[in-house]
Amino acid sequence: MANKIATRCDIMLFGALGDLAQRKLFPALYQLERAGLLAHGSRILGLARRELSTDDVRKALRERLKQHVKPEEFDSSVVEAFLQRVEYQILDFNDEAGFGVLNSWRDEENSELIVYLASPPAMYGVIARNLRSASCCTEKTRVVVEKPIGHDLESSRVINDELGEVYRESQLFRIDHYLGKETVQNLIALRFANNLFASQWDQNHISHVEITVAESVGIEGRWGYFDKAGQIRDMIQNHMLQLLCLIAMDPPSDLSADSIRDEKVKVLKALRRITPDMMETYVVRGQYTAGTSTGKPVPGYLEEEGANKRSETETFVALKVEIDNWRWSGVPFYIRTGKRLPEKLSQIIIHFKPAPHYIFDPDQKHLANNKLIIRLQPDEGMSLKILTKDQGLHKGMRLRQGPLELTFSEAFESERIPDAYERLLWEIMKGNQYLFVRRDEVEHAWHWVDRIIQNWSDGGDPPKRYAAGTWGPVASIAMITRDGRSWYEDA
């Protein structure tokens, strides 16, 4: 990360004892401390309902950091210095009068205020109004909220309206942690800093695009949340449409937040609406049944602890997405995401069209299209599959496909790859919004996704079953095979 930040920051962390704060936010802030990126005098105030002292919270946090920070990155002296920044305040978020105590903690003259709402989205408006009533915030306060914003377009508008009553859009930082991943940020550099790709990035040179976000785990005790959301709300609207926008957007005029977000909105507006008559060939939803994962038997979705045996919530979604603009006319984007798939994997495959005239062995013609593979996890990096002549006197002009490989952990082995939340927190401290989602992005994404959900509701068809440990329903393979293509791992 770049130069040390000079501005002191006071961070009010609502929901400080929750899973997100303990598992992601505090470890990310510790890493910023370790890198020397927290300015002298910066402080963190954890806020929650539980009756604990600051010493209790620091002691518990020390143990959580041991769990969530790699042993080689756990430095006891840095941990102690970091914990001295952390204070704790008991607060009922619904108690307007209780917010008055926050003013005595604030150092308005000497530090910037960051308010991080690691709470349920239904509480965003309540907390915002109570902060306003207590005069805790200024026009410079930066407010961080987690996605998804709402569960549909209407509810997202309610939440955004509540936030908008108190804060300007320029003060709001809507986090999508996928946008903090190093490889996702590299999409902008890859596309717009290299004419090799920039000049080829359109319907004349690309045949189709795949985006896969696969999880090998199941619900992990989140039944209550997940069954109301489903995979389309949890992943498609929340993360995967952002990835699609970064792949498909036109070049921004500069790297400012609004220039980048303006181009993403244009993509969302151009998404072809999936009508009821298109559902059978453009959309597949599934739900996992009992199977095996990493060699061990695992239960089906309806057999998970606390399950509603009649639930029709989807744990898998595959979509064929088309973008109605000049750049992408005729280029389908195949996206899929699911739980209890064979491995944890997030990747984007750009399939380039083959050369117009093929002169080599006809039996090898299936190798003729180049592929750019962008890996988001587990091993961040990029690989360009190209064709070369196979070695050996007896091979003639036989072709072989091989990668031009860039694995970040190997190429930058002296540099630690920061976690997404480290990057996002760092940008918040600097006041940069380019990695955060604007209100109109959220609403256009919900508008498109809501139509699919409504089509499911109107159609009444249950999700298709797939065994845990497989790549989803057979129908998802049929969807892409119908176009004469296959998913990358099947090719």
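The values are calculated or read from the model by the stated rules, or taken from the named source; none is laboratory data. Everything numeric here is computed off the predicted structure, so don't read it as measured data. Note that we place each Cβ from the backbone using ideal geometry, even for glycine, and neighbour counts take in every protein chain shown. Calculation scope for accessible area: heavy atoms of the full protein, side chains included, ligands and nucleic acids excluded. Shrake-Rupley method; radii C 1.70, N 1.55, O 1.52, S 1.80 Å.
Summary of values
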| item | result |
| --- | --- |
| Model label zone, Trp326; criterion: amide N under 18 Å from point 7 Å along Cα-to-beta-carbon; scope the range 184-212 | 198-206 |
| Candidate lysines for bridging to Lys59, where Cα separation is under 20 Å - those fewer than 8 sequence places away on the same chain excluded | Lys24, Lys70 |
| C-alpha center-to-center spacing [the range 428-491, the range 18-76] in angstrom | 34 |
| For a label point 7 Å along the Cα-to-beta-carbon line of Val101, residues of the range 38-71 with backbone N under 12 Å | 46-54 |
| Extended-chain gain in nm, criterion 0.36 nm per residue less alpha-carbon gap, Ile90 and Ser256 | 55.9 nm |
| Difference of contour (0.36 nm per residue) and Cα-Cα distance, Gln203 to Arg482 | 98.5 nm |
| Cβ-defined net charge surrounding Thr292, 15 Å radius [Lys, Arg +1; Asp, Glu -1] | +1 |
| Helix-only [θ]222 nm of the chain, DSSP H runs n ≥ 4, -39500 (n - 2.57) each, per residue, nearest 500 | -9000 deg cm²/dmol |
| Potential lengthening between Phe192 and Val158 on full extension [0.36 nm per residue; Cα-Cα distance subtracted] | 8.6 nm |
| All aspartates and glutamates inside 13 Å of Lys464 as judged from Cα atoms, apart from same-chain residues fewer than 8 positions distant | Glu280, Glu312, Glu314 |
| Accessible-area composition of the range 174-313, carbon plus sulfur, in percent [1.4 Å probe] | 48 |
| [x] 21, 49, 25, 5, 1, 0; [y] 19, 37, 23, 15, 6, 0; [z] 21, 53, 24, 2, 0, with the label sought being that of the calculated P(r) over Cα pairs in 20 Å bins from 0, in percent | [z] |
| Solvent-accessible area per residue for the chain (1.4 angstrom probe, square angstrom) | 45 |
